[in-house]
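Participant: Can you keep this structure in mind? I'll have questions shortly.
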Amino acid sequence: MFFFVIAPPGRFGMWCDAIVAGLSARALGPTGIIHANSLEELSSSALQLEALRAVVAARHAGGRLRRALIDANRKFIVAFEDPRRACADLAHSSPSDLPHVVKQVASGAAAVMAYRAAPGALVLTAETDWLDPVRAARAIAEHFELPVSERDLTEAVGEVDAAGLAQGEGEAEAWWRALGEAERALTEGALAPYLGEPEEGTPASIVWAGGLFFIGDRFDQGAARPIDITGRARCLLHGPYVMLPPGTWAAVLSLQFSREAAEHDFLVEVVTDRQLASTTIRPHHDGHLDAELTFVIDDSSDSPVSIRLSTQRAAFDGRVMLSGARLLQHPA
């Protein structure tokens, strides 16, 4: 038996994982916690499971998993918190740099947005439901139809809090104040659709700064600097590997070309586990150029989105620089 908790990386999602596991253990017996974002990961984790039941902690839950849960009429928890708070939690618990933290939280928040309106979802929000943890635990027990007592609820909450997963006070605010102006812009641009409650009918708008991308075929060098195109035809930059909510999206990749690079053709692609859109551009002059693409995100993939820029033939000189990418979700 599996109990699914869909949440971005952060303390509230971990709190929900632990509460569900604690309540299930009291009602049904030993319950593990496994991490899986796709059907393949779920199958692999289940093979290693010793208990007969488990909480599935999905921090970047994909579209195929969502479709499977809906088709099977399964109930699940959707736990959401202010993404800036989730970033602070992740930054404090791991040595990752800011771009990595932002991408992890943005992907998790996108998954939550896709799942929260699905049948079978119990949506919990840290800013309201965490104020009364016993009440939140009771709602979880009722949603999963776990036969527990009030004492069970109180004890489960107490155990989770004692394990260090109680609601933190002031940590996110202190982390946010410590960021520089450029770091805040990078963070808010990537998390914009998930900050506050979206207005009905307002399309989601996202900015992926150049610092979220990588140079060439590497994952250890950021693309927030000029890239030398000299050499064979190859991938110049790629990223940011972030999940998006389902829908039709328009992407504008903002680039700067040197005079030597302006007479070359460049391939621009949007990919997940397959190519979603592509176009070929030739600047013809140095300076700024926008490459525009339209693509669709649906339930057929569990993979994050990446944009790639590649040369089409060998180059002897020239540079290109990525300013960033702007994404706008078309109205449904």
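Participant: Do you know which residues across region 115-136 are at pLDDT below 95, of a type in the set (A, V, I, L, M, F, W, C) and surrounded by fewer than 22 Cβ atoms within 10 Å (Cβ to Cβ)?
Facilitator: Once the filter is applied, which keeps residues that are at pLDDT below 95, of a type in the set (A, V, I, L, M, F, W, C) and surrounded by fewer than 22 Cβ atoms within 10 Å (Cβ to Cβ), region 115-136 yields A117, A118, W130, L131.
Participant: For region 228-332, which strands (runs of 3 or more DSSP E) that fit wholly inside it have 1 or more residues that are touching an Asp or Glu at 6+ places or on another chain (Cβ under 9 Å) and at pLDDT below 95?
Facilitator: Details: elements: 235-242, 247-257, 266-271, 275-281, 287-297, 305-311, 319-329.
Qualifying strands (runs of 3 or more DSSP E): 247-257.
Participant: Do any helices (runs of 4 or more DSSP H) entirely within region 1-120 hold 3 or more residues that are under 22 Å from D273 (Cβ atoms) and hydroxyl-bearing (S, T, Y), and if so, which?
Facilitator: By residue number, 39-47.
Participant: Additional query: For region 285-314: of the residues being among the small types (G, A, S) and touching a helix residue (DSSP H, G or I) at 6+ places or on another chain (Cβ under 7 Å), which is nearest to G62 (Cα to Cα)? Walk me through it before giving the result.
Facilitator: Filtering region 285-314 down to residues among the small types (G, A, S) leaves 287, 291, 300-301, 303, 306, 310, 314.
Among the residues that remain, those that are also touching a helix residue (DSSP H, G or I) at 6+ places or on another chain (Cβ under 7 Å) are: 300-301.
Working: S300: 9, S301: 7 Å.
Among those that are among the small types (G, A, S) and touching a helix residue (DSSP H, G or I) at 6+ places or on another chain (Cβ under 7 Å), it is S301.
Participant: What's the total number of residues in region 309-322 that are surrounded by fewer than 20 Cβ atoms within 10 Å (Cβ to Cβ) and under 17 Å from Y241 (Cα atoms)?
Facilitator: Looking only at that region, the number is 1.
Participant: Moving to a separate point now. With the condition kept exactly as written, say whether any residue in region 240-249 is of a type in the set (G, A, S) and touching a Cys at 6+ places or on another chain (Cβ under 8 Å). Before the answer, list the steps.
Facilitator: Kept after step one, since they are of a type in the set (G, A, S), are these residues of region 240-249: 247.
Checking the rest, the ones that are also touching a Cys at 6+ places or on another chain (Cβ under 8 Å) come to none.
Among the residues of region 240-249, not one is of a type in the set (G, A, S) and touching a Cys at 6+ places or on another chain (Cβ under 8 Å), which makes the answer no.
Participant: Would you say A139 is surrounded by fewer than 18 Cβ atoms within 10 Å (Cβ to Cβ) and in a helix (DSSP H, G or I)?
Facilitator: Yes; evaluated as a whole, the condition is true for this residue.
Participant: Do we find a residue being out of contact with any Pro (no Cβ under 9 Å at 6 or more places or on another chain), farther than 24 Å from S38 by Cβ, hydroxyl-bearing (S, T, Y) and not in a helix (DSSP H, G or I) anywhere in region 147-163?
Facilitator: Checked against the condition, which is being out of contact with any Pro (no Cβ under 9 Å at 6 or more places or on another chain), farther than 24 Å from S38 by Cβ, hydroxyl-bearing (S, T, Y) and not in a helix (DSSP H, G or I), region 147-163 yields at least one hit.
Participant: Starting from region 122-150, keep only residues that are assigned by TED's automatic domain parsing to the domain that holds A25, then list their pairs with residues that are in a loop (DSSP other than H, G, I, E, B) and at pLDDT below 95 whose Cβ atoms are within a distance under 6 Å, requiring at least 6 positions of separation or different chains.
Facilitator: V123/R116; A126/E81; W130/Q167
Participant: Could you identify the single residue in T272, T294 that is of a type in the set (V, I, T) and under 20 Å from P99 (Cβ atoms)?
Facilitator: Values: T294 fails: under 20 Å from P99 (Cβ atoms).
The unique qualifying residue is T272.
Participant: Look through region 8-29, keep the residues that are surrounded by 22 or more Cβ atoms within 10 Å (Cβ to Cβ) and without any contact (Cβ under 8 Å) to a residue 60 or more places away in the chain, and return whichever of them is farthest from the chain's Cα centre (by Cα).
Facilitator: Per the stated criteria, the residue is A21.
Participant: Then there is this: Can you spot a residue in region 162-181 that is out of contact with any Ser or Thr (no Cβ under 7 Å at 6 or more places or on another chain), farther than 30 Å from K103 by Cβ and in the same structural domain as G120 (by TED's automatic domain parsing)?
Facilitator: Yes, the conditions are met somewhere in region 162-181.
Participant: Also, I was wondering about something else. Could you check how many residues of region 23-68 are closer than 15 Å to G13 by Cα and out of contact with any Phe, Trp or Tyr (no Cβ under 8 Å at 6 or more places or on another chain)?
Facilitator: Result for region 23-68: 8.
Participant: Residues being exposed (fewer than 14 other Cβ atoms within 10 Å of the Cβ) and of a type outside the set (S, T, Y): count how many of those fall in region 264-281.
Facilitator: Of the residues in region 264-281, 4 are exposed (fewer than 14 other Cβ atoms within 10 Å of the Cβ) and of a type outside the set (S, T, Y).
The values are calculated or read from the model by the stated rules, or taken from the named source; none is laboratory data. The model shown is predicted, which means the values in this text are computed figures rather than measured ones. Note that each Cβ is placed from the backbone with ideal geometry, even for glycine, and that neighbours are counted across all protein chains shown.
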